[in-house]
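Here's the structure we're looking at; comments come further down.
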Amino acid sequence: MHRLLFILALSGLALTGCNPTERTAITKKVDKKQPTTQPEQPLPPAEKPAVTQPEPSAAALPDASASLLTVSLTVQDYNRVMPWEKRAASSVKHIGVYLGEGKVLTLGRDLGIANYVEISLPDSTRTVSARVLRYDRDLNLGLLIVEDKQDATIFEGRTALSLGEPLSRTDKATLHCTLNGTQAVSIDLQGEVGSSELGLPRLQMRADQAVPGNYSHGAPVVVNGKLVGISCGYNAASRQLKVINADLIGRFLSAAPEAPQGVPIAGVTLVELTDPVFRSYLKLNDASTGVYISKVDPAGAAAAAGLQKGDVITSVEGLKIDNRGRCEIPLYGTMDVTTVMRYLKPLGETLKVTYSRDGQEHETVLQLNRDAEEKALIYTENAEDAPRYFIWGGLVFQPLTTNYMNALQQEAKALPIEFMKLSDQEEELQKRGFKELTVLTLVVPTKATLGYDGCDFALVEKVNGKEPHSFQEFVALLQAPTESGMVEISINKPPYRFYMESAAAEQANSELRRAGIINLQRLSEKE
């Protein structure tokens, strides 16, 4: 597992000083009748002609390009592999769209790890500090306001865009940007297909010309002077722009400031039903369609709603699912059912699911939450939360999280087999009382860790014969005094059990502090 790579990097770099740094009324004209000898008959009631709303003239539309602002971020993420330090700071720029009332809409995924946020005019003649009012990492949307109320004068002359109707996958729209911050540019877009990004639907729209610079990241997509989407990705070769649609923007803007982040996670693993033999085994007739549940997370919304492994989900909110796990969504077209279940309703609402069990049709309601992720043994931390860790004598212990696993895989290009096996053991470990898993992630070379270099990437099963059911409990067991002064640690790989003297660990801790790892522990993500 590239252990040497980690240890060399650790001993050569990590043990040095680390400084985290939006008519007129039309009436029918009737000529007056001339006098005649015949009595005048009353006219039949005139039918009111149909009136169609005229398209606003170009002169009447707001200048969408004048809504643009530049959002600059200084971002610095935590190093999940060496959790006592942060990665090098870097700069990120997105487009911001002025919504009025001092609020700026922009992309939100980087806001959680931003140390500093600025808003500037497109021509860079003025820059002010800003703060994050709210962001959602899943929707990839953020809302900013100026840090100092006096700086709100930066919005003078800016055009506030109001939110329009969502685009369908074949609609036309216009992307607004500027060149060098001064020359306004409008790029025509033609909707093509729906796609997904991190489990949420996106529109793919083809631009009639190349999109300049960073305008693929947050620039407004406009129809009739109203905001109908913002750009969030671009393929220069095909000129395809990825767009966050107005339906999701509206959901984000209408949410309360304290509303939880993210979109629902049902907690099921789904499999296609294209194999006729498998369909026969499940007692499905030829007309039946749906997807097979191969796994249910015991902590998730699906389990709470009574769904079980072996059930076949046939529809969601009345949307029929085909045997490849696809639904037809009016705005986006054919979408994967997992995306549909995350998109249809926000957190806190309910989702109606129809399913088949032993050939009988049933219906249940899911209370939408993120418990399948947040209460899992191998859970996901918020991007802005600092990783927890405990260094003892050169042994680095951490709770096992998906954030750490992703960072490790990126660094090492592979995951240790011991960690991969744990995903299949979650249910068994939960029955034993584990609420989170403590793992030995690194062995820093010290006098106390001689001979223990092969013990890294291991699950801690016991400390002095007791199972640590949480990371906090693990630390308490490790620090509890023993009669002999020795601590016994059991892990799930050879040598399965090893010992360390508390006095030797403390001496090694002093050496680590002198070498530059000043903070040997972080027991809370807010520390």
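The values are calculated or read from the model by the stated rules, or taken from the named source; none is laboratory data. Note that the coordinates shown come from a computational prediction; the quantities given were computed from them, not determined experimentally. All Cβ positions, glycine included, derive from the backbone under ideal geometry; neighbour counts span all protein chains shown. These accessible areas exclude ligands, DNA and RNA; they are computed on the full protein's heavy atoms, side chains included. Shrake-Rupley method; radii C 1.70, N 1.55, O 1.52, S 1.80 Å.
Return the aspartates and glutamates within reach of LYS149: Cα separation strictly under 19 angstrom, same-chain partners fewer than 8 residues apart disregarded; answer none if there are no such residues.
Correct list for LYS149: GLU101, GLU118.
Normalised by the number of residues in segment 209-257, what is the relative contact order in percent for Cα pairs under 8 Å and 6+ residues apart?
It comes to 28 percent, rounded to a whole number.
Calculate one ³J(HN,Hα) per residue across segment 176-184 by plugging θ = phi - 60° into the Karplus curve 6.51 cos²θ - 1.76 cosθ + 1.60, and present them in order as whole Hz with x for glycine and proline.
Couplings: 10, 8, 9, 10, 6, x, 10, 7, 6 Hz.
Exceeding 27 Å between C-alpha atoms, which entries from my cross-link table qualify? They are LYS309/LYS413; LYS295/LYS320; LYS309/LYS466; LYS320/LYS345.
Check vs 27 Å cut-off fails for LYS309/LYS413; LYS309/LYS466.
Relative contact order of segment 262-405, please, whole-number percent, based on alpha carbon pairs below 8 angstrom and at least 6 residues apart.
Computed value for segment 262-405: 25 percent relative contact order.
Where does the charge balance sit around LEU189 when Lys and Arg score +1, Asp and Glu -1, over other residues with C-beta under 9 Å from its C-beta?
Numbers: positive: LYS172, ARG206; negative: ASP171, ASP188, ASP208.
That works out to -1.
For segment 323-433, what is the accessible area per residue in Å² when the probe is 1.4 Å? Provide the component values of the computation, followed by the final result.
Numbers: 4930 Å² over 111 residues.
For segment 323-433, the solvent-accessible area averages 44 Å² per residue.
Just to verify a number: FRET efficiency for GLU428 and SER510, C-beta to C-beta distance, R0 = 25 Å, to 0.05?
0.05
Run through segment 434-527 and list the chymotrypsin sites (Phe, Trp or Tyr not before Pro) located in a DSSP loop whose Cβ has at most 15 other Cβ atoms within 10 Å.
Passing both the DSSP loop test and the Cβ count: TYR496.
Could you state the accessible area per residue of segment 213-259 in Å², with a 1.4 Å probe and every protein chain left in place? Mind dumping the intermediate values first?
On the way: 1660 Å² over 47 residues.
That works out to 35 Å² for each residue.
Run the reach check for LYS462 against aspartates and glutamates, Cα to Cα strictly under 14 Å, same-chain hits fewer than 8 apart removed. What comes back?
GLU436, GLU473, GLU488
Once fully extended, how much extra length lies between VAL132 and LYS93, figured as 0.36 nm per residue of separation less the alpha-carbon to alpha-carbon distance?
On the way: separation 39, 0.36 × 39 = 14.04 nm, distance 1.49 nm.
Extending this stretch completely gives an extra 12.5 nm.
Over the chain, what percent of the accessible surface lies on carbon and sulfur atoms, probe 1.4 Å?
Ligands and nucleic acids excluded, carbon and sulfur reach 50 percent.
Below 11 angstrom from the Cβ of PHE397, what's the summed charge of the other residues (Lys, Arg +1; Asp, Glu -1)? Kindly include the intermediate steps, with their values, before the conclusion.
On the way: positive: ARG388; negative: ASP456.
Summing Lys/Arg as +1 and Asp/Glu as -1 gives 0.
Would you mind getting me the FRET efficiency between GLN209 and TYR499? Use the beta-carbon distance for r and R0 = 51 Å, nearest 0.05. Walk me through the intermediate numbers first.
Working: r = 69 Å, r/R0 = 1.35.
The pair GLN209/TYR499 has a calculated efficiency of 0.15.
The list (1) 82, 52, 50; (2) 128, 68, 40; (3) 75, 70, 69 gives values of Cα extents along the principal axes in Å, and only one came from this structure; which label was calculated from it?
(2)
For segment 355-413 and segment 303-342, what is the centre-to-centre distance using only Cα atoms, to the nearest Å?
23 Å
Considering the options LEU512, GLY454, LEU429, tell which one lies farthest towards the positive end of the dipole of segment 422-527, charges being +1 on Lys and Arg and -1 on Asp and Glu at the Cβ, about the Cα centre.
After comparing all options, I get LEU512.
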